[in-house]
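Undergrad: Before I ask anything, let me first share the structure, which is written out below as structure tokens.
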Amino acid sequence: MPHALSRRQLVHATLLAGVGLSACSTATRLPAGASAALAPTGRLRASINLGNPILARRAEGIAQAAGVSVDLAHTLAEQLGVPMDMLVVDSARLSVEAVTSGRADIGFFAIDPQRANTIGFTAPYVLIEGAYLVRQGSPLTDNAEVDRTGHTIMVGRGSAYDLYLSRELKQAKLAHAPTSPAVVDQFLVQNADVAAGVKQQLQADAARVGGLRLLPGRFMVIEQAMGAPASRGAAALDALKVYVEWAKRSGLVADALARHRIDGAIVAPAA
């Protein structure tokens, strides 16, 4: 996947017959003018980030991506009555740039105060855990031991973990991988002390590489929300908020998590 938006692939995606989004049988009533506010070009352009395995993964065929965020974007486009285009990127940073610039109408993000300067967020629809990973021989046994002088923590550049730890760390320092899926490999190559990221991604990498272990528990809870350019104003964000609350209440989010076999993530409570 390219690392620059100038080389991105804009995919004109169609919802395949038989996807079976059972929770979509009864659509929510979006506010008047929602289509014009959220999809002013007449097409809903959704930024899909492959950097978070909870939300999306690479897929074969015309869609090129599948997952919870893809299902949510498809269903929103259906309810708006417009076609959907997927802008598939490989990092949260590129997804933020796409939505902030207006090249995408919606995206799927961890809520963060820095991002809120340019993106309007809904309430979260999914809660996931951020975890730390170390080598088997590391003396670290607890999350509270990580923020110490001399420790280096590897994170994906521009990820929710990068933004959060940049604010919270007092003594440890950060090192950056280009994307979240590259964190563990860069952690090993650069001989960092700790890798930080989505717990499920770290678990998969630990099984793939061997000789690694997760520290118990979590160091943060990530609130995953939908977002639209802040420049679109209240009408777009209000419509998106209504949609997300319906998606949780109707069972769409829970069904998508189950269908894509996502463990360790839960549907966020109603706003």
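The values are calculated or read from the model by the stated rules, or taken from the named source; none is laboratory data. Just so it is clear, the model here is predicted, and its values are computed rather than measured. No Cβ is skipped: glycine too gets one built from the backbone with ideal geometry, and neighbour counts run over all protein chains shown. Ligands, DNA and RNA are excluded from the accessible area calculation, which covers all protein heavy atoms including side chains. Shrake-Rupley method; radii C 1.70, N 1.55, O 1.52, S 1.80 Å.
Undergrad: Within segment 252-264, restricting attention to residues that are touching an Asp or Glu at 6+ places or on another chain (Cβ under 8 Å) and open to solvent by less than 30 Å² (accessible area, probe 1.4 Å), which residue is nearest to residue 30 (Cα to Cα)?
TA: So, considering only residues that are touching an Asp or Glu at 6+ places or on another chain (Cβ under 8 Å) and open to solvent by less than 30 Å² (accessible area, probe 1.4 Å), the one nearest to residue 30 (Cα to Cα) is 252.
Undergrad: Which one of these does residue 95 not meet: (1) of a type outside the set (Asp, Glu); (2) out of contact with any strand residue (DSSP E or B) (no Cβ under 6 Å at 6 or more places or on another chain); (3) buried (at least 24 other Cβ atoms within 10 Å of the Cβ)?
TA: In the conditions (1) of a type outside the set (Asp, Glu); (2) out of contact with any strand residue (DSSP E or B) (no Cβ under 6 Å at 6 or more places or on another chain); (3) buried (at least 24 other Cβ atoms within 10 Å of the Cβ), residue 95 misses (2) alone.
Undergrad: Which numbered condition trips up residue 81, out of (1) open to solvent by 50 Å² or more (accessible area, probe 1.4 Å); (2) at negative phi; (3) modelled with pLDDT of 95 or more?
TA: Here residue 81 clears every test but (2).
Undergrad: Going through segment 201-251 one residue at a time, which ones are of a type in the set (Val, Ile, Thr), surrounded by 20 or more Cβ atoms within 10 Å (Cβ to Cβ) and closer than 30 Å to residue 144 by Cβ? Let's see the steps before the verdict.
TA: Start the filter on segment 201-251 by keeping residues that are of a type in the set (Val, Ile, Thr), which leaves 209, 221-222, 242, 244.
Filter once more, so that each one left must be surrounded by 20 or more Cβ atoms within 10 Å (Cβ to Cβ): 222, 244.
Passing the criteria: only 222.
Undergrad: If we only count strands (runs of 3 or more DSSP E) wholly inside segment 85-150, which ones have 1 or more residues that are more than 14 Å from the chain's Cα centre (by Cα)? Step through it out loud before you land on a result.
TA: Values: elements: 107-110, 119-121, 126-135.
Counting at least 1 such residues, we get 119-121, 126-135.
Undergrad: Hey, residue 71 hits all of (1) more than 19 Å from residue 268 (Cα to Cα); (2) touching a helix residue (DSSP H, G or I) at 6+ places or on another chain (Cβ under 8 Å); (3) part of a helix (DSSP H, G or I) but one; which does it fall short on?
TA: Exception for residue 71: condition (1).
Undergrad: When you go through 107, 137, 150, 158 one by one, which is the residue that is within 29 Å of residue 235 (Cα to Cα) and at pLDDT 95 or above? Break it down into steps so the answer makes sense when it comes.
TA: On the way: 137 fails: within 29 Å of residue 235 (Cα to Cα); 150 fails: within 29 Å of residue 235 (Cα to Cα); 158 fails: at pLDDT 95 or above.
Going through 107, 137, 150, 158 in turn, the sole match is 107.
Undergrad: Just to be sure I understand, how many residues within segment 164-184 are touching a residue at least 24 places away in the same chain (Cβ under 8 Å) and open to solvent by 20 Å² or more (accessible area, probe 1.4 Å)?
TA: Quick first cut of segment 164-184, residues touching a residue at least 24 places away in the same chain (Cβ under 8 Å) only: 164-165, 171-172, 178-184.
Imposing the further condition that a residue be open to solvent by 20 Å² or more (accessible area, probe 1.4 Å) reduces the set to 164, 171, 178, 180-182.
Total satisfying the criteria: 6.
Undergrad: When both residues are 6+ apart or on different chains and their Cβ atoms are under 8 Å apart, which pairs have a first residue that lies in segment 23-52 and is assigned to a helix (DSSP H, G or I), and a second that is at pLDDT below 95 and of a type outside the set (D, E, K, R)?
TA: 37/233
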